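Only one structure is covered here, and it is reproduced in the block below.
Quick note: the coordinates plus some simple rules give every number you see, no bench work behind them. Note that the structure is predicted; figures quoted are calculated from it, not measured. All Cβ positions, glycine included, derive from the backbone under ideal geometry; neighbour counts span all protein chains shown.
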Amino acid sequence: MDRNSAIGLTLIALLLLVYFYFFSPAPTPQEVKPITIESSIKKDSAAQKKSPAIDSVEAKQYGNLSSFLSGTETFTELENDVLKLKFSSHATLSGVNLKNYKTYSQKPLDLISNGNNTFSLTGIYEGKEIDFYQLNYQAESVKKGDTTYLSFTANLSESAYLKHIYSIPAKGYSIGYRIELQGIKIDGKNVALSWIDLVPLQEKDLKDSRNKTTVNYYSTEGSFDGLSDTAPDSKTVETPLKWATIKQKFFLSAIFAKDKFSTGAFSTAFEEKDSSFVKKAEVNLFIPTESFASKKSDFTYYFGPNDYKITKEVPLEFSRNMYLGWPPVIWVNKFLLMPVFNFLQTFIGNYGVIILLLVLFMKILLMPLTYSSYMGMAKMRLLKPELDAIKEKNGDNMAQAQQDQMKLYQQAGVNPFSGCIPLLLQMPILFSMFYLFPNSIALRQQPFLWAEDLSTWDSVLTLPFSIPFGYGDHVSLFVLLMTASQIVFQWQNNQIQTVQGPMKAMGYVMPIVFLFFFNSFSAGLSFYYFVSNLITFAQQAIIKRFVDEDKIKAIMDENRKKAASGNTKKSKFMSKLEEAMKNSEEARKKNKK
């Protein structure tokens, strides 16, 4: 590899450094106790609560619905194979438990509990704005086939009623929801559904959880968007929407409209020093009033994991809540890495072993590129004495030196970038791992060796202080091993490369820089890179045994003979490169004049 190639690789490394700095998870994690939020609904031993007395102003506002403001709040509990649900007689969800998951502290994982979620359904009735979720309804459940229907009804008369119906299937994370009106007219263009979630901490790392918690939405036009993941944000969307979701690192709480939401407004907020909850997420969706008259007020709630295998079966591109990168990184993840990862899961229960096998698979797949890169560096190493002579002969005349180098490459039949291009082609693989492992719920709470959870950082030592520049207050052993292997790998490469001086030292700086960035990343990710480096050592040792440098030199000498006799033709790449260099030199001369 010559100086130009080395500069190119250094620029790539710097781009990676900048990318990881701006898009990586927050670097200083903290362990905090799970959130405990005081419930706004306190239940007695009978799980009931008596509503406060209705004042005259409130009674006037609710009109003939005011009688439903009083009464005793009751709760109904239902469950299926994966969900435990608790409903209030106000026709809202007051509890959602995911049966197959636990929090980091091994407590029940509740997406809704202890009053951390509040709902309101506000519309204009008889000229006054009222919240239909303030009413106290009569609950009744009926099972039909594999589905349980839970209805909450406020009967004004035999021909007038307001009803909320939830349908809970025997399996799955989706539950149906329908609003029925009979003999009741709602005025105005929209009914506002407001959902506020004080998102509780489910994972080990508060800052990482904050950086992965946001609100996403999907429009009727097929556009997916969302709020900022890392900072408080708010947005009003004027186009009709199909769904909105409160996205946590590994779990989703979402609502779909069978028809549409006319508009939406979303916000997230948090106080940096407040560890009682991750973020306050607010979703405001506006339901067209006409949908109640046309009986299109059907909705679906989704409460479950952000697992691509599950969410890809949910319509309307719901799987996009698991961010897998940009093209072509997302293609590598969706069509290569994830299918292989899922295939290995069906046979192997140890995820450390799965990662090891995934590394082996990728290394075998990329073996042609690795071989091509090694051959390119071997050719450049054989040309190094002549390249040094050209540099010494031309001195400070860089333009002439580059022209002489291009002539040498052409005569020897060598592409100066042949060692770098295979490395560039492997970049999507590098980035795809950066997205796959930290976001894969399959790695959540999966131990391996000393790591208790491969989805977050491993720690073998907790420091009594925090190291700056993003390192944090813990020591990740997998990251140390990855860094050490990368330094050894760089030393090994320096033995076969032509890079000298400061460029040679740069290869040792980058692993140290990444040591700080990766210390708070997924243990599965740093373990992957560590094993990848080890296998690369073995690959290069094997390739070296089969590469005959004398034979390569003989081929280059033969190419020179052909060039001298005029029997060779410039490649398109070399022609364009020479033309670009000539244009650059002419432009430089004009600027001097």
Estimated Rh, the range 73-169: Kirkwood, alpha-carbon pairs, angstrom | 14.9 Å
Could you bin all the Cα-Cα distances of the range 49-322 into 10 Å bins starting at 0 and give me the percent of pairs in each, rounded to whole numbers?
-> 6, 29, 36, 23, 6, 0
Sorted from fewest to most neighbouring beta carbons within 10 Å, what does the list I512, I165, I175 look like?
-> I512, I165, I175
Compute the signed sum of charges (Lys and Arg +1, Asp and Glu -1) over the other residues within less than 11 Å, Cβ to Cβ, of D557.
-> +3
Could you let me know the centre-to-centre spacing of the range 350-366 and the range 141-176, using Cα atoms, in angstrom?
-> 48 Å
Which net charge results for the neighbourhood of P447, defined as the other residues with beta-carbon distances under 13 angstrom from its beta-carbon, given Lys and Arg at +1 and Asp and Glu at -1?
-> -1
Loop only per DSSP, at most 13 neighbouring Cβ atoms within 10 Å: give me the chymotrypsin sites (Phe, Trp or Tyr not before Pro) in the range 318-388, ordered by residue number.
-> F347
What does the charge add up to near E313, with Lys and Arg as +1, Asp and Glu as -1, over the other residues with Cβ less than 14 Å from its Cβ?
-> +2
In the range 270-336, which trypsin sites (Lys or Arg not before Pro) fall in coil by DSSP and have 13 or fewer other Cβ atoms within 10 Å?
-> K273, K295
Report the GluC sites (Glu not before Pro) located in the range 204-294 that are in a DSSP loop and have at most 13 other Cβ atoms inside 10 Å of their Cβ, or state none.
-> E221, E238, E271, E272
Please give the contour-minus-distance gain from D146 to A59: 0.36 nm per residue of separation, less the Cα-Cα distance, rounded to one decimal in nm.
-> 27.2 nm
How do R381, R444 rank when sorted from fewest to most other Cβ atoms within 10 Å of their own Cβ?
-> R381, R444
Compute the FRET efficiency between A269 and S120 as 1/(1 + (r/R0)^6), taking r as their Cβ-Cβ distance and R0 = 22 Å, and round to the nearest 0.05.
-> 0.75
